[in-house]
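*Asks:* Dropping a structure here in structure tokens format, bear with me for questions.
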Amino acid sequence: MHRFLISAAHKSSGKTTISIGLAAALSSGKYGQRQRSVQPFKKGPDYIDPLWLSVAAGRPCYNLDFFLAPDSELQTEFARHGHDAEVCLVEGNKGLYDGLDLHGSNSNAALARLLDLPVILVLDARGMTRGIAPLILGYQAFDRNIRIAGVILNRLGGRRHEAKLRAVIEHYTDVPVIGAVQEDDELALVERHLGLMPANETAEAERHISAIGERIAAQVDLERLLSISHTDVSLKASPPRRRNTEKPVRIAIARDAAFGFYYADDLDALTAAGAQTVFFDTLHDSRLPPCDGLLIGGGFPECFLDQLEANTPLRADIRRAIEAGLPAYAECGGLMYLARSIHWKGRNAEMVGVIPGDIRMHDKPVGRGYVILEPNASHPWRGTEHASGSGHATDPSPDPLALHAHEFHYSSLGDLPADTRYAYAVRRGYGIDGHHDGVLLHRLLASYTHLRATSRCDWPAKFVQHVRDCLATDHKEAIPCSP
């Protein structure tokens, strides 16, 4: 087996492009390599990078986040998804030692230490020569428990630049240079594209990934990478999630170019809790599929205003179903879609209209980063218990009322009635107005916050049980979603 963490000295060093390229090169069986099973992971809260890594590796990418889950759970999830892979590739976020606190308890270095991973350091070498040596030496000395096993030089200014850096690193350090990636207009264009366009939004994703894989394979010594990341220690397969054996409930999930922000483990947890997931397309489907509950995740609905607005039959069907009592949950982009309208770049587009408020886009983030929420008595899932659970280990939070989650939105929801009900008080973060999040209407909960399925926040099981409770209350199998 081979396991390693890709990190950098600072953010925007190109580690995502290199991680995607490595995943594509190692899993493809091209470039003189045999095909290997590659399991990708991403540290921290992120939807876009995991989408690209999933396509590149051909396996779902899973997130590992100290803020949202305890250490033991991260180890369990890493083993659960990585035990049967030949290569486990973990892409870090930000710099190797960056973190929320003084001691770096949630840094990339902390994750490398927790999972016993060698670190491959991606260094943006633009404008650097001899100064790269003290940088590497400093990163080694800062924490002797972290093994920096190799360096990949990125954005080099030519072969002479590469030769100088190799000579300096070889003379002053004991860290091998396993890759040297030249400045490349095509890769630069692709990198900008990665940050703007999730892989689910473009049919060109595989072409981009193939181009990245080809360039990275030509400039990184893959055999050396595999050699220094080899381990004889196998990951112990974690027990599978416990499955709910009750009759499944049908959860319709919006999944298309406009809405694609779903964590792989959240979808796994929904299935384990007893949901039969049925996907639909907000851009092309004219009606909801028959369902017992509705989920609309995050995405970029503002980029598809014309298509979303033009699909009036589906918008009307969703509004009618929610107002008739269909249990529904929406996050961020889903909340925007369910609002009355979205205003962006001088354009005002009508949306579903079940939420009596309007969305306005802004040039800078309104809410960004981790949040802590306190559910109130109005929360429809608060206290919802389920018989079989989803298989998460019990890990009581220091504050059982607090939900740890994250948000990232450039929009705000305004014009709401004064008597709007909310599900959460915001302790950290912004939510809808800096104090509240989670609009409550009928059986809908719509928030800017993104939840994660962890032992501290098993929202999929609670939502599925909420759907079951609603069905029992209605004394029927399902609420019809279309006339």
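*Asks:* First check a/c for the chain, with a ≥ b ≥ c the square roots of the eigenvalues of its C-alpha gyration tensor; if it is under 1.5, answer rounded, and if not, answer prolate when a/b is larger than b/c or oblate otherwise.
*Replies:* Numbers: a/c = 1.97, a/b = 1.71, b/c = 1.15.
Here the chain falls in the prolate category.
*Asks:* Can you put K30, K94, K345 in order, fewest other beta carbons within 10 Å first?
*Replies:* Fewest-to-most Cβ neighbours within 10 Å comes out as K345, K30, K94.
*Asks:* Determine the alpha carbon to alpha carbon distance for each of K15/K94; K11/K164; K15/K236; K236/K462 and list only those over 20 Å.
*Replies:* Working: K15/K94 9 Å; K11/K164 24 Å; K15/K236 28 Å; K236/K462 29 Å.
In this structure, K11/K164; K15/K236; K236/K462 exceed 20 Å between Cα atoms.
*Asks:* Report, in degrees rounded to the nearest 10, the 0 to 90 angle that the Cα long axis of helix 48-57 makes with the longest principal axis of the chain.
*Replies:* Long axis of 48-57 versus the principal axis of the chain: about 60 degrees.
*Asks:* What percent do you get for the relative contact order of the chain when only Cα pairs under 8 Å and 6+ apart count? Walk me through the numbers on the way to the answer.
*Replies:* Numbers: 1042 pairs, mean separation 67.7, N = 483.
Computed over the chain, the figure is 14 percent.
*Asks:* For segment 31-92, which chymotrypsin sites (Phe, Trp or Tyr not before Pro) are in a loop by DSSP, counting at most 15 other Cβ atoms within 10 Å? List each step's numbers first, then the result.
*Replies:* On the way: sites: Y31, F41, Y47, W52, Y62, F66, F67, F78; in loops: Y31, Y47, F66, F67.
Of the chymotrypsin sites (Phe, Trp or Tyr not before Pro), the ones in loops of segment 31-92 whose Cβ has at most 15 other Cβ atoms within 10 Å are Y31.
*Asks:* Relative contact order for segment 104-159 using alpha-carbon pairs under 8 Å, separation at least 6, rounded to a whole percent? Show your work: numbers first, answer last.
*Replies:* Working: 50 pairs, mean separation 26.8, N = 56.
Taking the mean separation of contacting Cα pairs over the length of segment 104-159, I get 48 percent.
*Asks:* Now for a separate question. Expressed as an acute angle from 0 to 90° and rounded to the nearest 10, what is the orientation of the C-alpha long axis of helix 132-142 relative to the principal long axis of the chain?
*Replies:* Long axis of 132-142 versus the principal axis of the chain: about 60 degrees.
*Asks:* Apply the a/c threshold of 1.5 to the C-alpha gyration tensor of segment 249-474 and tell me whether it is rounded, prolate or oblate. Mind showing how you got there, number by number?
*Replies:* Details: a/c = 1.64, a/b = 1.21, b/c = 1.35.
Oblate, since a/c reaches 1.5 and b/c is not below a/b.
*Asks:* Sticking with this one: Taking the 0 to 90 degree range and rounding to the nearest ten, how far is the long axis of helix 185-196 tilted relative to the main principal axis of the chain, both from C-alpha atoms?
*Replies:* 30
*Asks:* Report, in debye and to the nearest 20, how large the dipole of segment 249-474 comes out about its Cα centre when Lys and Arg carry +1 and Asp and Glu carry -1 on their Cβ. Provide the component values of the computation, followed by the final result.
*Replies:* Numbers: 21 positive and 28 negative charges, 36 e Å.
About 180 debye.
*Asks:* Then there's this: When the Cα centres of segment 415-478 and segment 199-245 are compared, how far apart do they sit, in Å?
*Replies:* The distance from the Cα centre of segment 415-478 to that of segment 199-245 comes to 35 Å.
*Asks:* Tell me which trypsin sites (Lys or Arg not before Pro) from segment 229-262 have a DSSP coil assignment and no more than 16 other beta carbons within 10 Å of their own.
*Replies:* For trypsin sites (Lys or Arg not before Pro) across segment 229-262 that sit outside H, G, I, E and B with at most 16 neighbouring Cβ atoms in 10 Å, the list reads K236, R242, R243.
*Asks:* Using helices alone, I'd like the mean residue ellipticity at 222 nm for the chain: each DSSP H run of four-plus residues gives -39500 (n - 2.57), total over residue count, nearest 500.
*Replies:* Helix-only estimate at 222 nm: -9500 deg cm²/dmol.
*Asks:* Turning to a different aspect of this structure: In whole angstrom, note down how far apart the Cα centers of segment 253-296 and segment 325-360 are.
*Replies:* What the calculation gives is 18 Å, centre to centre.
Quick note: the coordinates plus some simple rules give every number you see, no bench work behind them. It should be emphasised that the depicted structure is a prediction, and the values quoted were computed from it without experimental measurement. Every residue, glycine among them, receives a Cβ derived from its backbone with ideal geometry; neighbour counts consider all protein chains shown.
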